[in-house]
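Here the structure comes first, spelled out in structure tokens, and everything after it is commentary.
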Amino acid sequence: MEHFVIVGQKPLSGKVYISGAKNAAVAIIPATLASEGVCTIENLPNIEDVSNFVLALKKMGVKCKLLDKSTLRIDARNVNPMLVSQEILKDMRASYYLLGALLGRLGYAQVPLPGGCNFGQRPIDQHIKGFEALGATVVIEHGTVKVKADKLIGSNVYLDMASVGATINIMMAAVYAEGTTTIENAAREPHIVDCANFLNMCGANIKGAGTDIIRITGVDSLKGCSYAIIPDQIETGTYMIASAITGGDVTVCNVIPKHMESLTAKLSEMGCETQSGDDWIRVKSSGNLEAANVKTLYYPGFPTDLQPQMTALLACAKGTSFVTESVFPNRFQYVDQLMRLGVKIKIDGRMAVVEGPARLTGTEVIATDLRAGASLVVAALAATGITKISNVHYIDRGYQDLEYKLSSLGANIQRVTTNELPTVVEA
Ligand code: EPZ
């Protein structure tokens with residue numbers, strides 16, 4: 001069992017280079033199965049979710065070749081939709097994108113019910129509604145979702161909520177549907193636009209991605225293409241928050257500042273100095289932060305995937321902050337572990353009341369999901385003394401080289417295995 005050992009209270013400073021977006025990668029990799037050519041995907045993050053997806057594709061008869069650390073060539077011309085591996089994909093939510101990609105191209109797919117971070121019920125009814133609107137039959141039995149269609153016909157789908165997954169999945173299935181499909185109340189996240197751009201590079205006809213109405217006109221086939229994915233919005237935000245909580249001066253590089261506007265504005269409101277250029281954002285903090293209120297919303301609102309990290313930061317701000325989680329019904333399960341570090345917080349349904357500034361002190365904590373783990377790392381960077389975070393495999397799902405990137409900014413962080421003691425850890 002691996003864990004991180006962090007000695008806090010070191011202000012971070014310097015430049016950190018952001019990797020490709022996890023949630024774009026886990027959509028575009030399955031989207032390549034919709035293509036009848038060879039695709040080369042660049043700027044892939046070197047993270048567990050990507051390596052697991054590659055393993056699963058290989059088991060399906062897809063030829064995958066890493067051309068370098070972040071470039072993958074995928075040839076799915078002989079993909080077998082019957083060979084989706086439950087074992088490899090059971091912990092991933094994004095496995096459900098295999099449904100849309102294969103249903104569109106082959107008219108059939110069977111995929112295990114999705115896994116992923118456990119913060120409350122995460123149904124896929126909107127995905128199913130979209131597939132059925134296109135003329136597919138959907139059966140869920142023995143923990144597997146089976147979708148089938150002799151012919152997909154374009155249709156109108158109105159999503160009950162702006163679901164990222166459903167928007168992408170229906171978009172993928174619709175690229176081959178006869179006629180025009182309209183997705184209304186569509187999600188607008190950057191990785192949706194990225195996936196639409198990839199599919200259009202392959203010859204699809206998708207208009208409106210990034211708005212709440214997406215129109216897809218069916219085509220007969222998709223060729224291969226080369227495509228570089230966007231930088232990770234959530235990794236970017238995590239380092240921006242890490243700079244603020246340690247009283248640091250960090251510049252995140254290879255980013256798209258537009259994607260970060262909701263966080264940049266909030267950090268400025270809390271008293272940080274922020275500057276940005278074409279592909280970088282600098283966050284400078286004196287360490288004296290003011291309380292603020294945060295409400296997570298669909299993009300371009302404040303991202304739910306930065307809510308746990310932001311809550312840790314608000315715990316170090318002067319005054320009372322209110323955090324409202326309006327995307328997921330139950331995304332505060334991580335606070336028990338944050339409270340072990342000294343965070344003062346009360347949960348009432350979808351709202352958290354955070355009292356600051358709390359004096360954070362290091363101890364042993366457990367990551368319960370990907371972004372919960374990130375919030376523990378951020379809090380540990382500010383805590384006095386030593387923090388040991390276990391279950392780092394959750395964090396590895398979404399952060400490439402986390403300990404190296406943080407160390408390069410001046411953090412004292414080590415990855416150790418259970419039967420090893422950290423080499424030198426001064427308090
Ligand atoms: C994606 O999950 C991301 N995962 C999540 O990131 C992210 O938190 C979420 O979008 C919101 O931005 C990937 O992209 C792999 P949703 P997804 O469908 O698609 C409800 C991370 O840390 N809903 O937008 O599952 C759902 O329960 C992960 O990187 C239905 O009710 O999110 C939730 O309350 C965590 N029925 C809300 O909609 C459905 O059919 C938004 O979910 C689908 C969703």
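Listing for the model above:
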{"item": "Answer from 48, 2 - the residue that is under 30 Å from residue 383 (Cα atoms), at pLDDT below 95, within 16 Å of the ligand (Cβ to nearest atom) and among the charged types (D, E, K, R)", "result": "48"}
{"item": "Selected residue (only one of 396, 401 is within 16 Å of the ligand (Cβ to nearest atom), over 18 Å from residue 318 (Cα atoms), in contact (Cβ under 8 Å) with a residue 12 or more places away in the chain and of a type in the set (Asp, Glu))", "result": "396"}
{"item": "Region 350-391, residues that are touching a Phe, Trp or Tyr at 6+ places or on another chain (Cβ under 9 Å), over 13 Å from residue 312 (Cβ atoms) and either more than 14 Å from the ligand (Cβ to nearest atom) or among the β-branched types (Val, Ile, Thr) (or both)", "result": "351, 353, 368, 388, 390"}
{"item": "Evaluation of residue 53 against (1) within 11 Å of the ligand (Cβ to nearest atom); (2) surrounded by fewer than 24 Cβ atoms within 10 Å (Cβ to Cβ); (3) aromatic (Phe, Trp, Tyr) (one fails), failing number", "result": "(2)"}
{"item": "Tabulated pairs, region 98-126, first on the phi > 0 side of the Ramachandran plot, second within 15 Å of the ligand (Cβ to nearest atom) and charged (D, E, K, R), C-beta under 6 angstrom, 6+ apart or interchain", "result": "116/93"}
{"item": "Total residues in region 302-324, condition touching a helix residue (DSSP H, G or I) at 6+ places or on another chain (Cβ under 6 Å) and within 16 Å of the ligand (Cβ to nearest atom)", "result": "7"}
{"item": "Criterion (assigned to a strand (DSSP E or B), at pLDDT 95 or above, surrounded by fewer than 24 Cβ atoms within 10 Å (Cβ to Cβ) and among the basic types (Lys, Arg)) met by exactly one of 58, 65", "result": "65"}
{"item": "Matching option when the condition is more than 21 Å from residue 9 (Cβ to Cβ), open to solvent by less than 10 Å² (accessible area, probe 1.4 Å) and under 25 Å from the mean Cα position of the chain (by Cα), among 370, 376, 297, 338", "result": "370"}
{"item": "Residue within region 23-46 that is open to solvent by less than 30 Å² (accessible area, probe 1.4 Å), over 22 Å from residue 197 (Cα atoms) and either touching a residue at least 12 places away in the same chain (Cβ under 8 Å) or assigned to a helix (DSSP H, G or I) (or both) present", "result": "no"}
{"item": "Leading residue by the ranking (surrounded by the most Cβ atoms within 10 Å (Cβ to Cβ)) among those in region 135-146 that are under 16 Å from residue 85 (Cα atoms) and either β-branched (Val, Ile, Thr) or under 27 Å from the mean Cα position of the chain (by Cα) (or both)", "result": "145"}
{"item": "Of residues in region 177-200 being among the aliphatic types (A, V, I, L, M) and closer than 20 Å to residue 94 by Cβ, the one farthest from the chain's Cα centre (by Cα)", "result": "183"}
{"item": "Selection within region 112-128 - surrounded by fewer than 18 Cβ atoms within 10 Å (Cβ to Cβ) and at pLDDT 95 or above", "result": "125"}
{"item": "Scope region 96-129; condition within 9 Å of the ligand (Cβ to nearest atom), touching a strand residue (DSSP E or B) at 6+ places or on another chain (Cβ under 8 Å) and not in a loop (DSSP other than H, G, I, E, B); matching residues", "result": "96, 128, 129"}
{"item": "Of the criteria (1) within 16 Å of the ligand (Cβ to nearest atom); (2) under 26 Å from residue 36 (Cα atoms); (3) touching a residue at least 24 places away in the same chain (Cβ under 8 Å); (4) part of a helix (DSSP H, G or I), which one residue 145 fails", "result": "(4)"}
{"item": "Filter pass, residue 246 being surrounded by 16 or more Cβ atoms within 10 Å (Cβ to Cβ) and farther than 19 Å from residue 372 by Cβ", "result": "yes"}
{"item": "Residue list for region 305-335, restricted to those being open to solvent by 20 Å² or more (accessible area, probe 1.4 Å), under 24 Å from the mean Cα position of the chain (by Cα) and not small (Gly, Ala, Ser)", "result": "305, 322, 324, 327, 328, 329, 330, 333"}
{"item": "Residue count for region 14-44, restricted to those that are in contact with a Gly (Cβ under 9 Å, 6 or more places away or on another chain) and small (Gly, Ala, Ser)", "result": "6"}
{"item": "Breaking point among (1) open to solvent by 10 Å² or more (accessible area, probe 1.4 Å); (2) within 30 Å of residue 29 (Cβ to Cβ), for residue 281", "result": "(1)"}
{"item": "Tally of residues being in contact with a strand residue (DSSP E or B) (Cβ under 8 Å, 6 or more places away or on another chain), closer than 16 Å to residue 103 by Cβ and among the β-branched types (Val, Ile, Thr) across region 165-205", "result": "5"}
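The values are calculated or read from the model by the stated rules, or taken from the named source; none is laboratory data. None of the values given here were measured: they were computed from a predicted structure. Note that each Cβ is placed from the backbone with ideal geometry, even for glycine, and that neighbours are counted across all protein chains shown. Side chains are part of the model used for accessible areas, which takes the heavy atoms of the whole protein and leaves out ligands, DNA and RNA. Shrake-Rupley method; radii C 1.70, N 1.55, O 1.52, S 1.80 Å.
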